[in-house]
């Protein structure tokens, strides 16, 4: 025990420095918060649907909920039911097993609704493409408003995709 305490005292506190301010992130955050408030007058409700992804995109989506990006302060929140959602965030190539579930989720989302396909797999089918087990891209199953490419896309790219979907909404 003494050796451990001696090593701790000798090493000191080892932590990372806080990240520097990112002007691109600050600009997107300001625009996103303003657009959401102007269009919805309340928080944007997002329903995330994993249609068969490798979970790389999910890690980036979860990072958006962390303290660095903090979606809640921008007026966005994730909801558990598509009946409460304004926007569907779909990741992965749509597997044949998820095809009906994705269609039902889209139908259960009240109009007007937005759909954002995340990642290379959601945009183009990725390395999986179309096969006996995969329908391929999300737009093969439901209409997509915005596609955010990347494997996986950075959280700031996902936020930019959401901003684009809201700004370019056909029903506005």
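Which angle between 0 and 90 degrees, to the nearest 10, do you get for helix 96-108 versus the longest principal axis of the chain when only C-alpha atoms count?
Tilt relative to the chain: about 80 degrees.
For residue 24 and residue 8, compute 0.36 nm times the residue count separating them, minus their Cα-Cα distance, and round to one decimal in nm.
Residue separation times 0.36 nm, minus the Cα-Cα distance, leaves 1.9 nm.
On a 0 to 90 degree scale, rounded to 10, what angle separates helix 2-11 from the longest Cα axis of the chain?
70
Per q in 0.09, 0.10, 0.16, 0.19 Å⁻¹, report the Debye log10 I(q)/I(0) for region 41-167, using one uniform scatterer on each alpha carbon and no solvent.
Results for region 41-167 at q = 0.09, 0.10, 0.16, 0.19 Å⁻¹ read -0.21, -0.27, -0.70, -0.99.
Taking the 0 to 90 degree range and rounding to the nearest ten, how far is the long axis of helix 23-40 tilted relative to the main principal axis of the chain, both from C-alpha atoms?
40
With the chain treated as a Gaussian network of Cα nodes joined by springs under 10 Å, which of 118, 142, 162 yields the largest mean-square fluctuation?
The residue with the greatest mean-square fluctuation here is 142.
Would you mind ranking 57, 151 by Cβ crowding within 10 Å, fewest neighbours first?
151, 57
What is the calculated FRET efficiency for residue 96 to residue 157, with r their C-beta to C-beta distance and R₀ = 30 Å, to the nearest 0.05?
With a Förster radius of 30 Å, E is 0.60.
With each run of n ≥ 4 DSSP H residues scored as -39500 (n - 2.57), what mean residue ellipticity at 222 nm is computed for the chain after dividing by its residue count and rounding to the nearest 500 deg cm²/dmol?
Roughly -12500 deg cm²/dmol at 222 nm, from the helical runs in the chain.
Specify the inter-centroid distance of region 92-123 and region 141-172, based on alpha-carbon positions, in whole Å.
If we compute the Cα centre of each part, the gap is 13 Å.
Suppose R0 equals 35 Å. What FRET efficiency, 1/(1 + (r/R0)^6) with r the Cβ-Cβ distance, do residue 68 and residue 127 give to the nearest 0.05?
0.75
With a 10 Å cut-off between alpha carbons and a GNM built on the chain, which of 71, 37, 114 moves the most?
Of the options given, 37 has the highest mean-square fluctuation.
Here, each number is a calculation from the coordinates, and none is a lab measurement. Everything quoted here is computed from the prediction, not taken from an experiment. Cβ: placed from backbone, ideal geometry, glycine included. Neighbour counts: every protein chain shown.
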